[in-house]
Amino acid sequence: MLEECCLCPRHCGVNRLAGESGKCHIATQVMVSSYGPHFGEEAPLVGRHGSGTIFFTYCNLRCVFCQNYTISQLGEGDAINREELARIMLSLQATGCHNINLVSPTHVVPYILDALELAVGMGLYLPLVYNSGGYDSVETLELLDGIVDIYMPDMKYSDEKTAEQLSGIKDYPKVNKAAIMEMHRQVGDLKLDEPGVAQCGLLVRHLVLPNRLAGTKEVVRFLAQEVSTNTYLNIMAQYHPGYKALDIPLLSRPVNRQEFYEAIDLAHQQGVDRLDRYNFLPLRFVLR
Ligand code: SF4
């Protein structure tokens, strides 16, 4: 797949093994911007000891409002080899994290698998979280069947024109829905243990954008009618106009209280009631 790269739906066709890079900038050298226990993730991932996040540098998306653009677009991070990546995974386990949370893994899947083989041989047993922007190909996801325990994709848009304007990929809604279906086929609805920590399953993230740009109505309809009304969904309110978003009038302000609660109501109307509560508390400080 790397020889004519078709790892993600962009299908760049470059020979990454020969040092060429496509839209995601990475050829053979994996880069990581940071790693450590994270307490700002969804409640079932955080538990008591945090989610063991590893932030991979670069991304296969080009979202104009990226909240992590210094990492995803500007390439902040350091190159690491498979031994170092395996050691990072094991160090997160030793710290007491509940899972290994692979952030933006889509463009480096083979390298993660390579390091994982080593880490498992050295005693890694934590659940693996595949935390992606949701632009994943079914063919690549099929390779992860039985390896990834928890899928946490975004559902960013349900409208092609918006996807093209804001991320440069018109087919995002179609590709994203197919990916979500495949993820759910593999792991089903999110399952928690007794203290409420996630063990396996699907957890979907949906960032509400100003002026209904995220297409929430169709996102929750799809989840309810084509995936499961028992889908664990995090409807997020924390959008702020960073990176290039200030140049786009419809994106140039935060989400307001009315827009956020409208998204919550739409989910309830479809019977999608398993909503992450973790981010609700700070809302009165965030929303106007
Ligand atoms: S993983 Fe990177 S090089 Fe491969 S198809 Fe996707 S964007 Fe292109």
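The values are calculated or read from the model by the stated rules, or taken from the named source; none is laboratory data. This is a predicted model, so every value here is computed, not measured. So basically every Cβ, Gly included, is an ideal-geometry build from the backbone, and we count neighbours across all protein chains shown. We work out accessible area using only protein heavy atoms, side chains counted, and drop any ligands, DNA or RNA first. Shrake-Rupley method; radii C 1.70, N 1.55, O 1.52, S 1.80 Å.
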Item to complete: Mind listing whichever residues of the stretch 199-216 are open to solvent by 70 Å² or more (accessible area, probe 1.4 Å) and either under 16 Å from the mean Cα position of the chain (by Cα) or over 25 Å from Pro44 (Cβ atoms) (or both)?
Response: Arg212
Worksheet, complete the sentence: Among Glu84, Glu76, Glu42, Glu117, the single one that is under 17 Å from the mean Cα position of the chain (by Cα) and of a type in the set (Asp, Glu) is Glu42
Item to complete: Could you please find all residues in the stretch 15-63 being in contact with a Cys (Cβ under 8 Å, 6 or more places away or on another chain), more than 20 Å from Gln73 (Cβ to Cβ) and in contact (Cβ under 8 Å) with a residue 40 or more places away in the chain?
Response: Pro37, His49, Gly50, Ser51, Gly52
Fill in: Selection status of Val219, open to solvent by less than 50 Å² (accessible area, probe 1.4 Å), aliphatic (A, V, I, L, M), in contact (Cβ under 8 Å) with a residue 12 or more places away in the chain and out of contact with any His (no Cβ under 7 Å at 6 or more places or on another chain)
no
Fill in: Hits in the stretch 107-141 - residues which are more than 16 Å from the ligand (Cβ to nearest atom), out of contact with any strand residue (DSSP E or B) (no Cβ under 8 Å at 6 or more places or on another chain) and not small (Gly, Ala, Ser)
Glu117, Leu118, Val120, Met122, Tyr125
Item to complete: Name every residue in the stretch 166-191 that is closer than 15 Å to Asn230 by Cβ and open to solvent by less than 10 Å² (accessible area, probe 1.4 Å), in order of residue number.
Response: Ile180, Met183, Leu190
